[in-house]
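Take a look at the structure below.
Only the coordinates and a few stated rules stand behind these numbers; no lab work does. Everything numeric in this text was worked out from a predicted model, so none of it was measured. With ideal geometry, Cβ positions are generated from the backbone for all residues, glycine too; neighbour counts draw on all protein chains shown.
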Amino acid sequence: MAKRHNERPLNLKDIAKKAGVSKSTVSRVVNGGANVSKRTLEKVNAVIKAEGFVPNPGGRILHLQQTHIIGIVMLHSLQDTFEDPFYFPLFLQGVHQVTHKRGYATLLWIDGGEDDEEQFYNRILKNRLMDGLLIASSRMNTSVIERLLAANTQFVMVERPPTGLENVNYVISDTAHAAYGAVKHLIEQGYQRIATITGRLDHVDGIDRLAGYQQALREFGLPVDEDLIVAGDFTYASGYGAMQTLLHQNVDAVFAATDRSALGAYQAIQEAQLRVPEDIALIGFDDLAQYVQPPILNLTSVRHHITEKSAQATSLLLDLIEDKCEAPQQIVIPTELIIRKSSHPH
């Protein structure tokens with residue numbers, strides 16, 4: 001029967017009266033049915049269904065001490081987060097696959113740059129709506145991670161934590177090794193003046209990709225020339241600007257920390273009336289070309305399975321929240337170098 005507009009919503013007491021049971025029994029039914037007989041469970045659920053009763057979510061939260069909401073933390077500006085049409089949508093796709101299946105919702109926290117990192121995390125820690133946090137990106141700030149640990153906040157990082165925090169749960173791609181492999185490939189193809197356009201060097205991923213670049217040069221006896229290392233911030237614009245600088249350094253190859261940076265570099269190379277790879281070879285990171293046909297510029301790039309990484313990290317976070325694992329879980333997902341025309345032999 002349709003409810004009149006002036007009729008108050010049903011509560012647990014109303015359902016208990018209609019089902020002929022106690023209010024506490026109805027409460028146990030709506031919170032999972034623990035210690036309720038099958039017959040009583042079926043009777044109460046039948047009344048709930050017939051009356052179209054929707055339990056008060058606030059009461060359920062108080063009973064279970066859970067909200068079934070997780071927070072996703074991104075320490076990027078709003079523009080950086082959504083300027084990339086591939087990376088973050090793929091990342092969120094992996095999160096959604098798991099949260100939808102397991103009955104969780106998400107809150108998205110984006111650092112718009114108005115607060116410093118301490119203030120940003122302080123706002124998050126004061127929020128009581130979340131059962132745990134997925135740290136999608138963070139700066140090299142050990143104090144913030146230590147505060148999350150001290151507050152007994154359940155969280156999983158989707159990049160390597162700062163050194164000295166071995167008890168942190170994370171799911172990562174081995175970006176340092178992947179960068180090493182990309183530069184090793186260029187050396188084996190005969191390139192000698194190999195430059196890099198870095199990612200943000202206050203982020204672990206940017207630091208690790210630079211370290212992999214430097215390690216490959218040293219192991220193969222090539223000098224680490226600071227003039228061939230230009231700082232970027234993972235964006236198209238930074239790749240374009242960095243490449244304009246590198247054009248004056250007589251480089252014959254460039255490893256860019258992201259595909260977006262590589263695409264910016266490619267534009268600068270074209271404007272200088274040079275060719276890829278005949279004049280300058282180019283390698284990126286993320287392998288966004290796999291989502292575009294034909295592949296972008298035939299760009300050689302590191303593929304690191306973005307959706308799989310975020311899905312595994314989300315599953316791990318929900319397992320922690322639900323007490324399904326105890327010891328710190330540290331998962332490394334393999335990468336692969338997808339070789340295309342942009343790094344053909346010198």
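Just a few scattered comments:
- Average Cα contact separation per residue, the chain, under 8 Å, 6 or more apart, as relative contact order %: 17
- Averaging 1/r across all pairs of distinct Cα atoms in region 182-295 and inverting the result yields a Kirkwood radius of 13.8 Å.
- Among beta bridges identified by DSSP and lying wholly in the chain, the antiparallel ones come to about 10 percent.
- Toward the positive end of the charge dipole of the chain, with +1 on the Cβ of Lys and Arg and -1 on the Cβ of Asp and Glu, the farthest Cα among Phe234, Ile306, Val224 is that of Ile306.
- Among the trypsin sites (Lys or Arg not before Pro) in region 240-343, those located in a DSSP loop and surrounded by at most 11 other Cβ atoms within 10 Å of their own Cβ are Arg275, Lys324.
- Nearest 10 degrees, 0 to 90: helix 175-188 Cα axis against the chain principal axis: 30
- Note on Glu146 and Glu188: the extension gain reaches 10.9 nm, defined as 0.36 nm multiplied by sequence separation minus the Cα-Cα distance.
- Pair Gln270, Ser27: separation of 7 Å Cα→Cβ label points (nm): 6.7
- Taking the Cα atoms of region 220-346, the ratio Rg/Rh between the radius of gyration and the Kirkwood radius comes to 1.11.
- Along the axis of the charge dipole computed for the chain (Cβ charges of +1 for Lys and Arg, -1 for Asp and Glu, origin at the Cα centre), the listed residues Leu320, Leu41, Pro89 are led at the positive end by Leu41.
- Spacing of the two label points (7 Å from each Cα toward its C-beta) at Glu219 and His248, in nm: 3.4
- Taking a straight line from the alpha carbon of Lys17, these lysines sit under 30 Å away, with near neighbours fewer than eight places off in the same chain left out: Lys3, Lys38, Lys43, Lys49.
- For the chain, a crude dipole built from +1 on the beta carbon of Lys and Arg and -1 on the beta carbon of Asp and Glu, taken about the Cα centre, is about 2780 debye to the nearest 20.
- Helix 236-246 vs. the chain, principal-axis angle (Cα, 0 to 90°, nearest 10): 20
- Region 159-184 and region 247-281: distance between their alpha carbon centers, rounded to Å: 26
- Measuring max minus min along each principal axis, the C-alpha atoms of the chain give extents of 85, 42, 37 Å (largest first).
- Principal-axis analysis of the Cα atoms of the chain puts helix 259-271 at an angle of about 30° to the longest axis.
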